[in-house]
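The values are calculated or read from the model by the stated rules, or taken from the named source; none is laboratory data. Only a predicted model underlies this, so the values are computations on that prediction, with no experimental measurement involved. Here the Cβ positions follow ideal geometry from the backbone for every residue, glycine too, while neighbour counts run over all protein chains shown. To get the accessible areas, we keep the full protein, side chains included, count just its heavy atoms, and leave off ligands, DNA and RNA. Shrake-Rupley method; radii C 1.70, N 1.55, O 1.52, S 1.80 Å.
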Amino acid sequence: MISEALNRFERLELVPHATPLQHLLRLSHHVGRDIYVKRDDLTLFALGGNKARKLEYLGCDALAQHADTLITAGAIQSNHVRQTAALAAKMGLACVALLENPIDTQEQNYLHNGNRLLLDLFGTRVEHVDNLEEPDLLLMAKADRLRATGKTPYVIPIGGSNALGTLGYVKAGLEFAEQVTAKGLDSGTLVLASGSGATHAGLALALAHVLPEWRVLGITVSRPADLQRPKVMGLVQRTAELLGVNVPENLDIELWDDYYGPRYGEPNTGTLDAIRLLASSQGLLLDPVYTGKAFAGLLDGVQKGAFEEGKPIVFLHTGGAPALFAYQSLTL
Ligand SMILES: *Cc1c(COP(=O)(O)O)cnc(C)c1O
């Protein structure tokens, strides 16, 4: 059983309770479909978001290895770096963050506000890099330099997306299965933003095991589907191996890639329309980098009739709203 396999792994308790599964009443009326949201933007840690679930496992491993420094990388407005930096502060560890400017902007809010402002509060040591085309090499080199000065670094990959981090979303998948089963929602579609891939991989693996009637749909936020699929599938396989469970034959990595343009970190008009619609109809805050793009895909899919009639659609809200403050004069 996948839940027993998961229980063998220790984790920190950053997400003490199941996150809420809520019906979006006014939006459902507006679009004529039953739409729910799973609130992983409310993970109760440092303004929330999906990285807390991965960090429960990664942070625990860092402690087991007696690390004194967490190193990670991401965009200047990375939610992952914000949550990792907060965890380092909570555990009394140093944090080094390698940051890139993926949209090549000098806009002051992007450079200093939003998530970036919070890194300073958490006491993070920020180093800017030209790009993160080879993030693992940069992180490894940084770890070597820290070791040479007597430190014990622990490297957390971009987005926290390795097999251990993916366990957080296997666990979330089991939690989701309990919630939809309790509500009598025995089949439907779970829609989410697919970025560094562990959120998608963990949910796809868990649901293929315990909720095979549910469809999992990833909306890419940074690359075309043919490049994203092997990333997600690789994580599925390595995570199944780590757990000692099989990859069910019915597991399908479904991806839509029409909504991420012009590039990672840069919203398009559909993104902004989705953010405005959810804010004005539900008081719910999406973000310009991930959930705004993914929700734009969901809305377009409803329009095109791409979701089975009469079945619920659940949007996984992975967080990111702190970045809204960084994007003010850029686009919003
Ligand atoms: C990181 C992130 C994602 C993507 O999750 P991955 O596991 O990296 O694919 C989605 N939404 C938000 C708000 C994020 O910060």
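Side notes on the structure shown:
- Given (1) open to solvent by 30 Å² or more (accessible area, probe 1.4 Å); (2) in contact with a Lys or Arg (Cβ under 9 Å, 6 or more places away or on another chain); (3) not hydrophobic (A, V, I, L, M, F, W, C), number of the condition HIS80 does not satisfy: (1)
- Tabulated pairs, segment 245-260, first more than 14 Å from PRO212 (Cβ to Cβ) and outside the structural domain of VAL210 (by the TED database), second among the charged types (D, E, K, R) and part of a loop (DSSP other than H, G, I, E, B), C-beta under 8 angstrom, 6+ apart or interchain: none
- Unique match (being crowded, with 16+ Cβ neighbours inside 10 Å and either farther than 23 Å from TYR36 by Cβ or over 19 Å from the mean Cα position of the chain (by Cα) (or both)) among GLY305, GLY283, GLY261, GLY270: GLY270
- Take the conditions (1) under 30 Å from THR105 (Cβ atoms); (2) within 17 Å of the chain's Cα centre (by Cα); ILE253 misses just one of them, which is (1).
- Of all residues in segment 193-220, those satisfying the criterion of being within 7 Å of the ligand (Cβ to nearest atom) and on the phi < 0 side of the Ramachandran plot are ALA193, SER194, GLY195, SER196, ALA198, THR199, HIS200.
- Any hit, segment 150-157, residues being within 16 Å of the ligand (Cβ to nearest atom) and either at negative phi or touching a Pro at 6+ places or on another chain (Cβ under 7 Å) (or both): yes
- Out of GLY150, GLY173, GLY168, sole residue that is without any contact (Cβ under 8 Å) to a residue 60 or more places away in the chain and either open to solvent by less than 20 Å² (accessible area, probe 1.4 Å) or polar (S, T, N, Q) (or both): GLY173
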